[in-house]
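Shown next, in structure tokens, is the structure this report addresses.
Throughout, read-outs are computed from the coordinates displayed, never taken from laboratory work. Here the structure is a predicted model, which is why all the values come from computation and not from measurement. Ideal geometry is used to build each Cβ from the backbone, glycine not excepted, and the neighbour counts take in all protein chains shown.
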Amino acid sequence: MPIELSPVTSDFTCRVTGIDLRQPLSAADKEAIVAASDAYAVLVFPEQHLSKEDLVAFGHAFGEVDTTLQKKLMHRIQNRLGTEEVTDISNLDAEGNVAGPDHWQTITTVGNRFWHSDGSYKHTPIRYSILNAVRVVEHGGETQYADLRAAWDALDEATRNLVADKVGIFWSHNTRDQLKIADSEEERAAFPKTRWPLVRTHAGSGRKVLWCDSKVCAIEGMSVPEGRALAHELIEHIGQRERVYSHKWQTGDLVMYDNRATVHRGRRFDHSQHREMRRVETVDDSQSLGPAPDQNIV
């Protein structure tokens, strides 16, 4: 049977059923998933109870699985899952117990509450993020997704002209510094600041996107305060309710989202409750404009 698509809106977010992602994908199913992702950007697969091995295998069907985040940052604290291909998106310590409020794993989830695209701060970014819910909380903890294509479409002409040739400087630790998270200098330097145009074209759909998120620490050709104020304005525009899908997680949900066309953020939840998500990411074939010449911008 072919997979079944149930669009949430005409061109953003779609539920996908009629497929068991624990099984190897057929060529037709892979083609259908890529086409659906190009059209909707966010795909929701309910009732997919995958092992970490299943999750990695599904990710590999769509390209090289990224391991740089694990190798450069996450492993310094813990590697509870014992693999560099799966990111532990949880509030659990290395023994699998709910971590305390000051634990690095807990604090990291707070940083995820800002609008961001996975890997926007990398020279070679992330194409697909694949997030699978192992255990969810009763209240809160939603993930919200915003459509960067629709955000560009909705920009007024004056702002389009303003940002058309602007280049943003993206930095992995921008929001963590704002939150005064006590990362080491080595951690803060793990990913050099990189340059991206604020307007890009989404290769899958041919639509323009407004490429701005919470990792933008400066905009070239503008003073740091002016550039950060503009980035904040653009992020506010991107996150308008009519362009946002809020996913209330159920155990077994798998959400595959295209970082080239979306930003997302986690929502607040009670950190005394057990919450466990696992994520696999695939490497994109695009590259940034290169490292920022001034690495001292903070």
Which of the lysines could a cross-linker span from residue 193 if the Cα-Cα distance has to be under 30 Å and same-chain partners fewer than 8 positions apart are dropped?
71, 72, 122, 166, 180, 208, 215
In nm², the average projected area of the convex hull spanned by the Cα atoms of the stretch 162-298 is 10.4
Between residue 139 and residue 30, the FRET efficiency computed from the C-beta separation at R0 = 51 Å comes out, to the nearest 0.05, as 0.90
Under 5 Å between amide H atoms, partner at least 5 residues away or on a different chain: which partners does residue 127 have, H built in plane at 1.01 Å?
282, 283, 284
Nitroxide proxy distance, nm - points 7 Å out along Cα→Cβ at residue 188 and residue 61
4.3
Prolate/oblate/rounded label for the stretch 237-283 (Cα gyration tensor, a/c 1.5)
oblate
Which whole-Hz couplings ³J(HN,Hα) result when phi for each residue of the stretch 218-224 is put into the Karplus expression 6.51 cos²θ - 1.76 cosθ + 1.60, θ = phi - 60°, listed in order with x for Gly and Pro?
6, 10, 4, x, 10, 4, 4
With n ≥ 4 as the cut-off for DSSP H runs, can you work out [θ] at 222 nm for the chain, using -39500 (n - 2.57) per run divided by the number of residues, rounded to the nearest 500?
-6500 deg cm²/dmol
Normalise the Debye intensity by I(0) for the stretch 54-175, one equal point scatterer per Cα, no solvent, then take log10 at q = 0.11, 0.14 Å⁻¹ and round to two decimals.
-0.50, -0.78
Considering only DSSP states other than H, G, I, E and B, which GluC sites (Glu not before Pro) in the stretch 47-131 qualify as loop sites with at most 12 other Cβ atoms within 10 Å?
47, 95
Please arrange 184, 288, 120 by counting, for each residue, the other beta carbons lying within 10 Å of its beta carbon, fewest first.
184, 288, 120
What does the C-alpha gyration tensor say about the overall shape of the chain? Classify as rounded when a/c is under 1.5, otherwise prolate if a/b is larger than b/c, or oblate.
oblate
Interchain or sequence-distant (5+) residues whose placed amide H lies within less than 5 Å of the amide H of residue 269 are 141
Could you calculate the FRET efficiency of residue 153 with residue 23 from 1/(1 + (r/R0)^6), where r is the beta carbon distance between them and R0 is 51 Å, rounded to 0.05?
0.85
The answer for residue 114, listing residues at least 5 apart or on another chain whose modeled amide H is closer than 5 Å to its amide H, is 266
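If you average the sequence gap of Cα pairs under 8 Å that are 6 or more apart and divide by the length of the chain, what percent do you get for the contact order?
Working: 601 pairs, mean separation 94.8, N = 298.
Dividing the mean separation by the residue count of the chain yields 32 percent.
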HN-Hα couplings for the stretch 235-240 via Karplus (6.51, -1.76, 1.60; θ = phi - 60°), in whole Hz with x for Gly/Pro, come out as 5, 4, 5, 4, x, 4
Tell me, what ³J(HN,Hα) does each residue in the stretch 206-214 have, in order and in whole Hz, if you take phi through Karplus 6.51 cos²θ - 1.76 cosθ + 1.60 with θ = phi - 60° and put x for Gly and Pro?
x, 8, 6, 10, 8, 8, 8, 8, 5
